[in-house]
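Notes for the one structure printed next.
The values are calculated or read from the model by the stated rules, or taken from the named source; none is laboratory data. Worth saying up front: this structure is predicted, and the values here are computed from it rather than measured. Cβ sites come from the backbone with ideal geometry, for glycine too, and all protein chains shown count toward neighbours.
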Amino acid sequence: MISRFVGLGDQAFIVSVSSQKEGVAGHIELEHGAPGVFIEISEAAREFENAIPAILAHEIAHKYLHVHDVYVSLPYSSELEVEVLTDITAVFLGLGKLLLNGRHLSRETKHEKGETVVETYDCGYLDRAQVAMAYTLVCSMRQIPAAQYESGLTGDVIGYLRDYRQRYQYCGAYADYGDEELRDRIGVLLLKAQLKLADIERALTVIREGYVADTEAFLRSAHMQLKCLLGEVDRRTTEVDPCMRRLRAMSLARALQHVDCSSSEATQRRHLSLALVR
């Protein structure tokens with residue numbers, strides 16, 4: 001049924017269950033002109049009801065890409081990139097529900113001693129959020145109503161999908177608008193963005209003119225004072241008269257205290273300017 005649904009009804013798919021490498025849920029043989037298409041499903045997947053449809057959807061999407069020679073145009077793609085493309089293709093072909101229902105599965109098993117063991121199984125190369133995004137975008141693009149795109153999904157998937165759409169509703173927010181309405185709504189968003197940028201620019205002007213310029217002037221003056229004080233220190237060391245040496249030391253201490261106070265005031269003004277900008 002899946003193969004006919006995606007337009008591969010002329011292909012004979014032969015499905016078997018066999019052991020696979022760890023982390024591999026299924027495998028498909030891709031050969032042009034072969035009498036049948038062989039798909040292998042991991043033995044572990046049999047324990048989870050919704051895993052098998054998800055695996056078949058992914059593998060048949062592989063065959064769809066193969067039949068339409070899409071792989072020919074991807075000679076330098078990595079294996080992971082091809083697998084991700086295959087998941088997205090399955091959603092685009094209308095198999096998103098199968099992927100969502102089988103993406104993350106769990107089951108509880110009770111043992112004789114009363115212990116409960118929870119087993120989990122994951123299918124696919126996109127995580128649940130990524131499959132949900134692809135599915136949401138495809139449904140929005142095709143204008144599929146909620147009642148229809150939720151039909152056939154498991155309860156936990158429906159809850160997750162609704163939560164996802166609520167959190168990321170902007171993804172398809174403008175998909176159904178006409179050109180004029182879209183232009184108007186985008187115009188409103190652009191105006192809001194421009195106003196925010198203008199506020200930032202005004203704040204930058206305040207910082208540049210009311211803080212940076214004053215601070216640079218203060219620094220020039222402070223450095224000049226320190227240079228003069230260094231000269232005074234040199235003159236003090238050459239002073240012979242002990243009284244004059246003491247007077248020069250007192251003068252230096254007073255001057256240094258003045259520079260320190262000025263620096264503290266400049267720091268306070270800087271904090272005040274930044275607080276006003278915020």
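Below is a table of values for the structure above.
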item	result
Tally, over the range 115-138, of residues that are closer than 23 Å to Gly23 by Cβ, among the acidic types (Asp, Glu) and modelled with pLDDT under 85	1
Flag if Thr109 is of a type in the set (S, T, N, Q) and at pLDDT 85 or above	no
Members of the range 45-74 that are closer than 16 Å to Gly124 by Cα and acidic (Asp, Glu)	Glu49, Glu59
Residues located in the range 94-125, provided they are among the polar types (S, T, N, Q) and not in a strand (DSSP E or B)	Asn101
Candidate set: the range 89-114, residues that are surrounded by 21 or more Cβ atoms within 10 Å (Cβ to Cβ) and among the aliphatic types (A, V, I, L, M); chosen: the one nearest to Gly159 (Cα to Cα)	Leu100
Tabulated pairs, the range 100-125, first under 16 Å from His58 (Cα atoms), second acidic (Asp, Glu), C-beta under 7 angstrom, 6+ apart or interchain	Arg103/Asp122; His104/Asp122; Gly124/Asp87; Tyr125/Glu83; Tyr125/Asp87
Residue in the range 139-154 that is farthest from the chain's Cα centre (by Cα), counting only those that are part of a helix (DSSP H, G or I) and modelled with pLDDT of 90 or more	Gln148
From the options Leu74, Leu30, residue that is hydrophobic (A, V, I, L, M, F, W, C), out of contact with any helix residue (DSSP H, G or I) (no Cβ under 6 Å at 6 or more places or on another chain) and surrounded by fewer than 21 Cβ atoms within 10 Å (Cβ to Cβ)	Leu74
Matching residues, the range 126-168, being small (Gly, Ala, Ser) and in contact (Cβ under 8 Å) with a residue 12 or more places away in the chain	Ala129, Ala132, Ala134, Ser140, Gly152
Residue check, Glu81 surrounded by 12 or more Cβ atoms within 10 Å (Cβ to Cβ) and part of a strand (DSSP E or B)	no
Residues located in the range 71-99, provided they are hydroxyl-bearing (Ser, Thr, Tyr) and under 17 Å from Glu59 (Cβ atoms)	Tyr71, Thr86, Thr89
Unique residue being surrounded by 11 or more Cβ atoms within 10 Å (Cβ to Cβ), modelled with pLDDT of 75 or more and assigned to a helix (DSSP H, G or I) when the list is Ala203, Ala198	Ala203
Residues (at pLDDT 75 or above and surrounded by fewer than 14 Cβ atoms within 10 Å (Cβ to Cβ)) located in the range 155-184	Gly155, Asp156, Gly159, Arg162, Asp163, Gln166, Arg167, Glu180, Arg183, Asp184
